[in-house]
Each structure stands twice: as structure tokens, then as C-alpha cells.
1. Identify, from the list E185, E158, E218, the residue that is in the same structural domain as A144 (by TED's automatic domain parsing), closer than 30 Å to F272 by Cα and among the acidic types (D, E).
2. Would you kindly identify the helices (runs of 4 or more DSSP H) lying entirely within the range 26-118 that contain at least 2 residues that are in contact with a Lys or Arg (Cβ under 6 Å, 6 or more places away or on another chain)?
3. Would you pick out the residues in the range 296-326 that are closer than 11 Å to V231 by Cα and either part of a loop (DSSP other than H, G, I, E, B) or charged (D, E, K, R) (or both)?
4. Kindly indicate whether V110 is touching a helix residue (DSSP H, G or I) at 6+ places or on another chain (Cβ under 9 Å), closer than 23 Å to T129 by Cα, in contact (Cβ under 8 Å) with a residue 40 or more places away in the chain and in the same structural domain as T166 (by TED's automatic domain parsing).
5. Taking the stated definitions as given, is T124 at pLDDT 90 or above, surrounded by 13 or more Cβ atoms within 10 Å (Cβ to Cβ) and among the polar types (S, T, N, Q)?
6. With under 30 Å from R161 (Cα atoms), touching a residue at least 40 places away in the same chain (Cβ under 8 Å) and under 26 Å from the mean Cα position of the chain (by Cα) as the only criterion, which of T27, T92 stands out?
7. Between a first residue in the range 198-213 that is of a type in the set (D, E) and a second residue that is surrounded by fewer than 18 Cβ atoms within 10 Å (Cβ to Cβ), which pairs have beta carbons less than 8 Å apart while being 6 or more apart in sequence or on different chains?
Amino acid sequence: MPLFSIIPRDNAPQAHRIKRYFLAVGTSLLVFYFMAVVHLHGYLDLIGLQWCAAAMLLLFVLFYVLLRSGLNLRFDDPSLTSAQIISASFVTMIAAYYTKSDARDVLLPVILMCFYFGIYRLDTSRMTTLALLCSAGYGVMLWALYLFRRSDLDMHIEPLRWWILTVVLLWFALVSGHISRLRKELANSKSIMESLLERDELTGVGNRRYLTHMLAQEKNRFDRTGVPFCVAILDLDLFKKVNDTYGHPAGDKVLKTFSLIAQDGLRRVDYFGRYGGEEFMLIMSDTTMKGALIKAERPRSNIENTHHAEVDPALIQTVSIGLAEYRRNETIEDVQKRADNALYRAKTKGRNRVEIDK
């Protein structure tokens with residue numbers, strides 16, 4: 001097993017950031033190719049091309065070290081988007097400084113390529129700040145040209161270039177900020193929709209889709225770290241009789257009551273949901289069978305001692321529970337089946353009891 005990988009395998013967000021960074025590196029190499037073509041046509045001095053190459057190489061290493069080491073997580077924007085845009089603009093200004101006046105226009109669109117990476121990450125305020133900084137950087141470059149390379153400074157056209165660049169960058173910042181805002185709103189809407197899709201409409205707890213997702217998550221965590229987890233399947237005893245005797249609205253009230261009782265005392269790392277009908281599931285993270293037995297006994301005892309006054313004060317509802325602890329290399333379906341087998345034994349032994357998989 002390799003000790004080091006270019007892209008981390010155990011941290012999906014960091015891996016995504018580094019992949020996006022490599023996209024930025026590829027774009028920078030394309031820009032350097034443009035600069036080389038400008039140089040070959042005699043418009044960009046060799047010393048300027050060399051400075052750009054050295055600056056790019058230094059920045060490539062610096063940003064990769066920050067991302068791969070995790071130091072980027074100390075910043076508000078772990079992707080370091082603003083810093084990368086400023087750095088890329090700085091390199092472009094170096095190239096513009098060493099480019100002859102009549103060819104400087106060909107480098108200005110490169111700055112917009114730099115700003116592209118902020119569209120989906122930065123709001124209008126940050127993009128506007130970057131636009132103003134870039135405009136100021138262009139002004140500093142013109143000032144340096146006036147002091148040291150006045151022959152490459154055309155005072156008739158440069159103020160116009162500067163003004164157009166500033167206006168375009170500010171417009172780009174406004175549009176980019178709008179796109180970023182729409183993207184965030186879409187992401188929030190998607191998150192809400194996914195949450196609704198994973199909720200049981202009657203009881204408000206997780207549904208079967210939610211439980212399947214959590215089981216997969218716990219299995220992946222076990223495979224990586226060996227942290228144990230247990231699965232409990234809970235089935236309300238003789239629930240059909242409740243519906244037949246009191247009607248389905250009364251049965252719905254019993255289901256809601258049980259859902260509230262079953263969640264009492266659960267940790268944030270435990271997951272509870274309605275598996276279907278009167279059957280529920282409890283996933284207990286970081287729990288062995290010994291701890292799972294204690295947790296499963298709580299809802300069994302609580303529901304037995306609950307008075308369903310809204311239905312019938314004489315109604316006594318019980319629940320049977322089957323437990324199974326996940327085993328290495330088995331599938332999610334395997335552990336569910338073992339928990340279901342344990343539930344079947346609880347039913348055949350008289351109901352209102354907790355049975356473990358054997």
C-alpha cells in the first residue's frame with residue numbers, strides 16, 4: 001500500500017479541491033503556451049517568459065503543498081480560490097510588462113480565464129474586490145512601464161485599455177456573483193428536496209431510502225476504520241388488529257407515538273427510520289451487541305408502558321426487536337437478513353422481546 005498518493009483517498013472534499021486545482025494548473029499551462037507563442041512572434045521578451053515560468057512553477061508547488069498538507073483548511077475558503085486568482089493575475093501582469101505595447105491586448109483575455117474559477121465559489125463582494133485589485137495591479141504595471149520601459153508604453157491607448165479592462169472585470173464580477181448566488185440557491189433547494197425524499201410523510205422519521213443510505217455509510221466506515229455498528233429491526237406486535245379494531249387513523253397515531261418513543265435517548269450518531277408499514281429500523285453506530293441490547297430494550301419497555309389515551313386507554317402496544325452486529329466482508333443485505341431472522345425468533349417466542357442474531 002503506497003504511503004503517499006497525489007490525490008488523497010481518505011478525504012473526498014480535499015480530493016475534490018485538488019482535482020479542481022489540477023484543472024487550474026492545466027489552464028495555466030495553456031496560458032503559458034499562449035505566452036510562448038507571443039514570444040516566438042517577437043512580442044514578449046525572453047526574460048519575461050522566463051519570469052512567468054519561474055513564478056508559475058513556484059505557485060504550482062506552493063498551492064499543492066497547502067492543499068495536500070491540509071493547511072488550506074485554516075482559511076475561510078479551503079479551495080484558496082481568491083489566492084489562486086490573484087496569483088494568476090500577477091503572473092499575467094508580469095507577461096504584460098514584458099510585452100510590446102501593440103501586442104498587450106492579446107494577454108488581457110487571459111485575466112478573464114483566471115476569473116472563471118471564481119464563478120462558482122465567490123460572491124459578488126469578493127469578485128468585485130478581486131476585480132478592483134486586478135485593475136490596480138494593471139495600473140501598477142503601467143506605472144512600472146513608465147519608469148523603466150517607457151518605449152513599450154503607448155499613452156494614447158493604454159488608459160483606454162485600462163478603463164475597458166476595469167469595466168469588463170467589474171461586469172464579470174457582477175455576473176459571476178449572480179451565477180454563484182443562483183448556484184447556492186439551487187444547492188439549498190436540492191438539499192431540501194433530498195431531505196424530503198428521505199423523510200417518512202406520516203411519522204417524520206427517516207424512510208427506507210434514508211436507512212439504506214445510512215447503512216451504506218456505516219458499512220464504508222467499518223471497512224475503513226473497523227468501528228462496529230449494529231442493526232435493529234423493530235416490528236409493532238399485532239398492529240393489524242389495531243387498524244381493524246380502531247381504524248387506520250388510530251393506527252397512524254400509534255405509529256407516530258412509537259416513532260417519538262423509539263427516538264428518546266438516541267445519540268446523534270444513531271439513525272432511526274420507518275422501514276415499511278409497522279416495521280422500523282435503528283442503526284447504532286460505534287456500538288457492539290452488548291450496547292445494542294441495552295439500547296433496544298429501552299423502546300421495547302417504553303412502548304409497553306405507554307397509554308394510548310387518544311385511541312383507547314386500555315390499549316397496550318408492544319414491539320418485537322431483532323438485533324444483528326455487522327460482520328466484516330458481508331453485504332448490507334446480509335446484516336439486514338440476520339436482524340430479520342432474529343426478529344422472527346422474537347415473534348415466535350411470544351413477541352414483546354429482543355432477540356439477537358445467532
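The values are calculated or read from the model by the stated rules, or taken from the named source; none is laboratory data. Small disclaimer: the values here were computed from a predicted structure and weren't measured. Quick reminder, even Gly has a Cβ in these numbers, built from the backbone with ideal geometry, and neighbours come from all protein chains shown.
1. One residue alone meets the criteria, E185.
2. Here the list reads 81-97.
3. E325, Y326, listed by residue number.
4. When the stated conditions are applied, V110 passes them.
5. The answer is no for T124.
6. T27
7. Going by the 8 Å Cβ cut-off, the qualifying pairs are E198/R209; E198/H213.
To keep it simple, each residue is scored yes or no on (1) in contact (Cβ under 8 Å) with a residue 40 or more places away in the chain; (2) surrounded by fewer than 21 Cβ atoms within 10 Å (Cβ to Cβ).
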{"residue": "K253", "(1), (2)": "yes, yes"}
{"residue": "K256", "(1), (2)": "yes, yes"}
{"residue": "G265", "(1), (2)": "no, yes"}
{"residue": "M289", "(1), (2)": "yes, yes"}
{"residue": "H307", "(1), (2)": "no, yes"}
{"residue": "D312", "(1), (2)": "yes, yes"}
{"residue": "I332", "(1), (2)": "yes, yes"}
{"residue": "K347", "(1), (2)": "yes, yes"}
{"residue": "V354", "(1), (2)": "yes, no"}
